[in-house]
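Worksheet for the structure shown next.
The values are calculated or read from the model by the stated rules, or taken from the named source; none is laboratory data. Predicted, not measured: the structure shown is a model, and the values here were computed from it. Here the Cβ positions follow ideal geometry from the backbone for every residue, glycine too, while neighbour counts run over all protein chains shown.
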Amino acid sequence: MIAPGEHFEESERLKDLHSYAILDSLPESDYDNLTAIASQICGTPISLVSLIDDKRQWFKSHHGLSVSETPKEYAFCAHAINDQNNIMIVEDARKDKRFQDNPLVLEDPHVIFYVGVPLISEDGFPLGTLCVIDNQPKVLTQSQIVSLSALASQVMSLLSLRKNRMLLTQSLLELENKHKELEQFAYIASHDLQEPLNTITSYIDFLEESPEYSLQEVVKQSFRYMRSASTRMKELVTGLLEYNRLGKSSNAKKVDCNRLVSDIVKNLDSQMTSTNAKIEVAPLPTIKAFEMELELLFENLIQNAIKFKKPDVPPEVVITAEKKDTKWKFVVKDNGIGIAPKYKEKIFLIFQRLHRKDEYPGTGIGLAFCRKIVEIHNGAIWVDAEVDLGSAFQFTIDENIKSDDKT
Ligand code: ADP
């Protein structure tokens with residue numbers, strides 16, 4: 001018997017094999033089906049998906065054989081992978097000096113006939129073989145060999161699929177962790193900024209009331225700027241904190257959107273009166289949602305629809321809803337200043353605004369809130385708009401959102 005030599009790039013080959021995390025995994029019918037077909041096509045009692053590890057050959061699938069691994073020194077497949085560009089055919093192992101006195105030939109399972117097709121990884125390393133075995137001498141036809149090679153490609157496709165799925169899961173996990181880290185950072189930063197900000201505001205109050213400063217116009221003006229800057233910073237910090245809290249505190253429940261929108265419209269009464277706004281609301285559905293967040297979503301969109309009005313043109317807002325498959329699509333349409341197409345994505349990013357504060361007040365947080373809220377509801381948000389032709393904000397809410405529905 002001649003023990004198999006090592007592959008010429010053995011350590012890289014082993015590294016590649018281990019990157020599939022396949023060794024010692026549970027049996028899978030996909031592989032078992034392929035070995036069953038290989039046996040059937042080649043007319044052999046045994047077929048294996050054999051992977052060559054450091055000291056053993058381990059079988060991902062072993063059709064017609066009860067053991068799940070054997071020592072590498074006896075493995076026919078360990079010879080086969082050393083000539084990775086060819087199929088290894090042993091018609092009668094008893095006449096082959098490499099295998100004559102091999103225990104696997106002399107004893108159970110009496111390997112006499114062997115054909116092994118190397119399984120070549122995406123990186124070009126032979127991981128093992130798909131092989132067929134018989135207890136008597138045999139010859140395969142050319143078409144049997146071609147079919148066996150095709151099945152070996154299928155085995156390799158399964159292995160690649162497994163590896164890619166693993167990598168994808170790993171990337172998703174990393175992404176999720178990064179996202180959590182970022183959320184945590186934003187929360188801590190905004191939470192911790194509140195206290196020094198409050199201190200600054202109190203000192204402004206204190207100094208503003210001090211008689212030695214209150215008489216000087218230039219100082220009074222500086223105080224006004226400082227107060228306005230600190231108020232704005234407070235708005236931003238509070239907004240950031242609220243952004244992080246979205247969707248964390250409540251459970252989804254049935255929400256009647258007609259009632260929700262009509263309450264919002266009532267609360268916007270003074271804004272509506274001062275701008276002469278009209279709001280038309282089509283019949284809206286009752287949906288499962290996070291109520292507080294849904295209210296904030298509608299409120300932001302309706303408020304914007306009134307706020308970004310054309311000068312001297314009273315705002316007209318139309319709210320509609322329609323069902324598409326498992327999602328409800330809502331539209332909040334206005335006749336306002338519209339949005340240039342190149343800004344359609346940018347406006348949904350936090351703190352992004354298209355106007356100066358003295359033109360239109362705001363913090364640039366509202367639409368970022370809206371986007372986060374629809375994402376919590378497995379939906380999406382986008383806008384159809386042109387400059388001067390109004391905007392139609394559209395969003396979807398999935399009826400199958402995940403939550404502990406307590407209603
Ligand atoms: P804010 O309203 O505080 O500025 P938002 O995040 O709600 O912040 O909106 C971001 C930007 O998107 C706004 O500054 C505005 O330029 C644009 N925008 C939002 N809604 C409308 C709308 N209905 N019509 C025109 N522009 C809009």
Set PRO196, PRO118: member being surrounded by 16 or more Cβ atoms within 10 Å (Cβ to Cβ) and either part of a strand (DSSP E or B) or modelled with pLDDT under 95 (or both): PRO118
Residue check for THR320: polar (S, T, N, Q), over 24 Å from SER250 (Cα atoms) and away from the ligand (no atom under 11 Å from the Cβ): yes
Among (1) within 24 Å of ALA186 (Cα to Cα); (2) not in a helix (DSSP H, G or I) - the single one VAL255 does not satisfy: (1)
Residue in the range 389-405 that is away from the ligand (no atom under 12 Å from the Cβ), over 28 Å from the mean Cα position of the chain (by Cα), surrounded by 19 or more Cβ atoms within 10 Å (Cβ to Cβ) and not in a loop (DSSP other than H, G, I, E, B) present: no
First in the range 63-78 and within 21 Å of ILE37 (Cα to Cα), second anywhere and surrounded by fewer than 16 Cβ atoms within 10 Å (Cβ to Cβ), Cβ under 6 Å, 6 or more apart: HIS63/ALA36; GLY64/PRO45
Of the criteria (1) modelled with pLDDT of 95 or more; (2) assigned to a loop (DSSP other than H, G, I, E, B); (3) surrounded by 14 or more Cβ atoms within 10 Å (Cβ to Cβ), which one PRO314 fails: (3)
Only listed residue being free of Cβ contacts under 8 Å to residues at least 12 places away in the same chain, more than 27 Å from the chain's Cα centre (by Cα) and not in a loop (DSSP other than H, G, I, E, B), chosen from GLU322, GLU280: GLU322
Test: SER157 is among the hydroxyl-bearing types (Ser, Thr, Tyr), over 16 Å from ASP30 (Cα atoms) and assigned to a helix (DSSP H, G or I): no
Residues of the range 152-186 satisfying the condition of being surrounded by 11 or more Cβ atoms within 10 Å (Cβ to Cβ), polar (S, T, N, Q) and either at pLDDT below 95 or more than 26 Å from MET88 (Cβ to Cβ) (or both): ASN164, GLN184
The lone exception for ASP325 - which of (1) surrounded by fewer than 19 Cβ atoms within 10 Å (Cβ to Cβ); (2) at negative phi; (3) among the acidic types (Asp, Glu) it fails: (2)
Tally, over the range 199-251, of residues that are loosely packed, with under 12 Cβ neighbours inside 10 Å, among the small types (Gly, Ala, Ser) and either in contact with a His (Cβ under 6 Å, 6 or more places away or on another chain) or closer than 21 Å to ALA368 by Cα (or both): 1
In the range 363-384, the residues that are of a type outside the set (A, V, I, L, M, F, W, C), free of Cβ contacts under 8 Å to residues at least 60 places away in the same chain, surrounded by fewer than 19 Cβ atoms within 10 Å (Cβ to Cβ) and assigned to a loop (DSSP other than H, G, I, E, B): GLY364, ASN378
Members of the range 324-343 found to be among the basic types (Lys, Arg) and at pLDDT 95 or above, listed by number: LYS329, LYS333
Inter-residue pairs, beta-carbon under 6 Å, first under 20 Å from SER121 (Cα atoms) and in the range 43-56, second of a type in the set (Asp, Glu), 6+ apart: ARG56/GLU69
Qualifying positions in the range 292-307 - modelled with pLDDT under 95 and either among the aromatic types (Phe, Trp, Tyr) or surrounded by fewer than 16 Cβ atoms within 10 Å (Cβ to Cβ) (or both): MET292
Odd one out for LYS254, checked against (1) touching a residue at least 24 places away in the same chain (Cβ under 8 Å); (2) surrounded by 15 or more Cβ atoms within 10 Å (Cβ to Cβ): (2)
One residue from SER222, SER262, SER270 being assigned to a helix (DSSP H, G or I), free of Cβ contacts under 8 Å to residues at least 12 places away in the same chain, closer than 26 Å to PHE330 by Cβ and among the small types (Gly, Ala, Ser): SER270
Unique match (being among the aliphatic types (A, V, I, L, M), more than 22 Å from GLU295 (Cα to Cα) and either within 6 Å of the ligand (Cβ to nearest atom) or out of contact with any Lys or Arg (no Cβ under 6 Å at 6 or more places or on another chain) (or both)) among ILE376, ILE339: ILE339
Search result, residues across the range 342-373 that are touching a Gly at 6+ places or on another chain (Cβ under 9 Å) and more than 7 Å from the ligand (Cβ to nearest atom): LEU349, ILE350, PHE351, PHE369, LYS372, ILE373
